[in-house]
Amino acid sequence: MENNQNKKSAVNWILFVATVVVVFIIGLFASSIIERRSEGQYALQMVKPIAPDEARNEVWGENFPREYETYMKTLETDFASKHGGSKMTDYLEKYPELVIMWAGYGFAKDYNQGRGHAYAIEDLRNSLRTGGNEISPMPQTCWTCKSPDVPRKMEQEGIAEAYKGKWKASGHEYVNPIGCKDCHNPETMNLQISRPALVEAFERQGKKMEDFTRQEMRSLVCAQCHVEYYFDKNVVEGAAYLTFPWDKGFSAEDMEAYFDELGFKDWTHKLSKAPMLKAQHPDYELFMTGVHAQRGVSCADCHMPYKSEGGVKFTDHHVQSPLNNVANSCQVCHREDTDRLVRDVYERQDRLEELRHLAESALAKAHLEAKVAWDNGATEKEMKPILTLIRHSQWRWDWVAAANGLGFHSPTEAMRVVGSAIQKAEEARRELAILLINKGVKYPPQLPDYSTKAKAQAVAGMNMAKLNADKQDFLKTTAVEWDKKAKERQGTLQEYKN
Ligand code: HEC
Ligand code: HEC
Ligand code: HEC
Ligand code: HEC
């Protein structure tokens, strides 16, 4: 009796285990079938195959109307959060100290908060930094993060060709704003890296793009552009070769050491003569130090969440501030209500803003006091350690300030880095105070008024009327010519207007 029962339970066990194994194997098949299907699915959906060199978003859009329609919503400009959103903000009006901090560099001419991807071409053409018909300082490389025409050109002519020559000489080639070809393979629709600088930076660290997971790719497509970079003039003759300074690591200090070792500077400060660095927008690098990245959340999870329409689930291509879409962006993972989540973001941003201003105020004064020191006979030798402090302070401030989202992507790291920027700026000012007193200057020295953008630009010795007139002239002539030529080349030219 007992023996029989033992036998029965053994048989049950065997049956149970066998069932589990079978279910598991069926599961494996099913998931691999689903994966295959999703790979093949997009090719089947295509009403019109997409040419490998197709840069026009509207042509891709014929195949994928939902993604295209939501992408076109990046033209909306009516959402403002406390520190971000799609409205344009003139940062130089808001923070005139910035003009002093960037004296002698393009950013002192104008610096606005970014807008949606569909504005990338228009905003670059309009920026005073790219100049006009007469003054046009930028290399062709400045188009690199603006347009799917960049991978098109690189495929047709080679990478280095796209980094050669002047910005103004090639504007007819770059007319389609950031879009489908920047992130997708036209045949499979898989995510794809189209910018060599990212691939090359990983290669130098012994990593290949194929090694990254799909979830990592959902951030890496953004890391093609939302990163720190510089132009290396020593890779290919005559080219401003786009390079990521990641060889020593991602942190502000690692990149600072990288640039110091190269002896690299973006410009010499017009007032303090410090050898300066300009941070671009190390969004990916700062984000990687935060808790969301550490828990495996990707940029797309918050900025391109899933959306449902008529029973179809797809990726919302309206890339924007997640605060305009908290339900899909945050509440997928967080149970708190919308007000609470928005407050969470603002609290972190407000704290960083407070520290940022301490750094800006100290840095603007440091540059002006350094000028007073030069004017009163300070020597190169006396100034060198002070100028190094200013260089490092402003780099660290900028590493955080230039990153989008006002520190939300990694609040603690952002605070730490700005904290060290304040310390270095104040140390420079202490050294300057000693030097000024030694030179017989009454301390504190009289500093000029830089309380508005216009006053600060006058202090920096800039002729804004001339820059503005040159820009208007350029927009009425050269830019119109570019569009005409581009239309001839492509056959059509889409207008990106709200
Ligand atoms: C956990 C969610 C989350 C993730 C993940 C995330 N972000 Fe953000 N991002 C935000 C929030 C919140 C803001 C602040 C928006 C605001 O102030 O209106 C923001 C702001 C931004 C902005 C500025 C938008 C604006 O309107 O001012 C950019 C650009 C940006 N993020 C890019 C990225 C990139 C690139 C990544 C990945 C490297 C990333 N984000 C990952 C939540 C996220
Ligand atoms: C080809 C380069 C490129 C890629 C790829 C790219 N971006 Fe951008 N992004 C830009 C540029 C340039 C702007 C500013 C456009 C403007 O202001 O005209 C921008 C603007 C934004 C904004 C709006 C900022 C604001 O202040 O309103 C957000 C949000 C954003 N990007 C997030 C992302 C995310 C998330 C990804 C990846 C899924 C991504 N971007 C991929 C270049 C890129
Ligand atoms: C900044 C990068 C970026 C740009 C630009 C972009 N996409 Fe996407 N796209 C993504 C991401 C991220 C996904 C999600 C992929 C995943 O999770 O594997 C996606 C998914 C898709 C998918 C798969 C179905 C879905 O909705 O999830 C299609 C189709 C697609 N995009 C079409 C387009 C089209 C058409 C354009 C141009 C109008 C475009 N994409 C522009 C990043 C981008
Ligand atoms: C894909 C899931 C996911 C999404 C989407 C997401 N979060 Fe989170 N969030 C997390 C995880 C996981 C943590 C870490 C919490 C932990 O491990 O205890 C976290 C932590 C946080 C924290 C505390 C940590 C910090 O950085 O200060 C805040 C605040 C936060 N999230 C806000 C947001 C907001 C706002 C959004 C939408 C813009 C958002 N999250 C979107 C998963 C997510």
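The values are calculated or read from the model by the stated rules, or taken from the named source; none is laboratory data. This structure is a prediction, so every number in the text was calculated from the model and none was measured. Neighbour counts run over all protein chains shown; Cβ positions are idealised from the backbone, glycine included.
Structure notes:
- Annotation: ARG204 fulfils all but one of (1) crowded, with 17+ Cβ neighbours inside 10 Å; (2) basic (Lys, Arg); (3) under 22 Å from the mean Cα position of the chain (by Cα); the unmet one is (1).
- Residue satisfying condition, being at pLDDT 95 or above, more than 10 Å from ligand 3 (Cβ to nearest atom) and in contact with a helix residue (DSSP H, G or I) (Cβ under 7 Å, 6 or more places away or on another chain), within set ARG195, ARG218, ARG204: ARG195
- Near pairs, Cβ below 9 angstrom, 6+ apart or cross-chain, from region 165-184 (aromatic (Phe, Trp, Tyr)) to any residue that is part of a strand (DSSP E or B): TRP167/PRO139
- Filtered by the rule that a residue be of a type in the set (A, V, I, L, M) and over 29 Å from the mean Cα position of the chain (by Cα), region 325-381 gives LEU368, ALA370, VAL372, ALA373, ALA378.
- Matching residues, region 485-498, being touching a residue at least 60 places away in the same chain (Cβ under 8 Å), out of contact with any Lys or Arg (no Cβ under 7 Å at 6 or more places or on another chain) and either closer than 14 Å to ILE121 by Cβ or not in a loop (DSSP other than H, G, I, E, B) (or both): LYS485, ALA486, ARG489, TYR496, LYS497
- Taking helices (runs of 4 or more DSSP H) as the structural unit, those lying wholly within region 279-368 and holding at least 3 residues that are within 20 Å of VAL400 (Cβ to Cβ) and within 16 Å of ligand 2 (Cβ to nearest atom) correspond to 283-288, 299-303.
- Answer residue from region 118-156, given it is surrounded by fewer than 20 Cβ atoms within 10 Å (Cβ to Cβ) and among the acidic types (Asp, Glu) and is farthest from the chain's Cα centre (by Cα) among those: GLU134
- Filtered by the rule that a residue be away from ligand 2 (no atom under 15 Å from the Cβ) and surrounded by fewer than 16 Cβ atoms within 10 Å (Cβ to Cβ), region 59-84 gives GLU62, PRO65, GLU69.
- Checked against the criteria, ARG115 does not count as in contact with a helix residue (DSSP H, G or I) (Cβ under 9 Å, 6 or more places away or on another chain), charged (D, E, K, R) and in a helix (DSSP H, G or I).
- Looking across region 216-234, the residues that are in a loop (DSSP other than H, G, I, E, B) and either under 18 Å from the mean Cα position of the chain (by Cα) or closer than 17 Å to GLN205 by Cβ (or both) come down to VAL221, CYS225, HIS226, VAL227, GLU228, TYR229.
- Cβ-Cβ under 8 Å pairs, at least 6 apart or on other chains, region 46-64 side under 17 Å from GLN494 (Cα atoms), far side among the hydroxyl-bearing types (Ser, Thr, Tyr) and in a loop (DSSP other than H, G, I, E, B): ALA55/SER147; ARG56/THR492; GLU58/THR492
- Close pairs (6 angstrom Cβ cut-off, 6 or more residues apart or separate chains): in contact (Cβ under 8 Å) with a residue 24 or more places away in the chain and assigned to a strand (DSSP E or B) in region 237-253, of a type in the set (Val, Ile, Thr) and crowded, with 18+ Cβ neighbours inside 10 Å anywhere: LEU242/THR141; LEU242/THR144
- Residues located in region 289-347, provided they are among the charged types (D, E, K, R), within 10 Å of ligand 1 (Cβ to nearest atom) and surrounded by 18 or more Cβ atoms within 10 Å (Cβ to Cβ): ASP301
- Unique residue being over 25 Å from ARG115 (Cα atoms), touching a Ser or Thr at 6+ places or on another chain (Cβ under 8 Å) and at pLDDT 95 or above when the list is ALA456, ALA428: ALA428
- Any hit, region 440-452, residues being in contact (Cβ under 8 Å) with a residue 12 or more places away in the chain and in a helix (DSSP H, G or I): no
- Across region 133-164, the qualifying residues are those that are assigned to a helix (DSSP H, G or I) and of a type in the set (Val, Ile, Thr), and the one among them that is nearest to ligand 3 (Cβ to nearest atom) is VAL150.
- Residue satisfying condition, being within 16 Å of ligand 4 (Cβ to nearest atom) and closer than 29 Å to ASN325 by Cβ, within set GLY85, GLY116: GLY85
- Within region 105-126, residues that are touching a residue at least 24 places away in the same chain (Cβ under 8 Å) have Cβ atoms under 7 Å from residues that are assigned to a helix (DSSP H, G or I) and near ligand 2 (Cβ under 8 Å from one of its atoms) in these pairs: ARG115/ASP123; GLY116/THR74; HIS117/THR74; ALA118/THR74, counting only partners at least 6 apart in sequence or on another chain.
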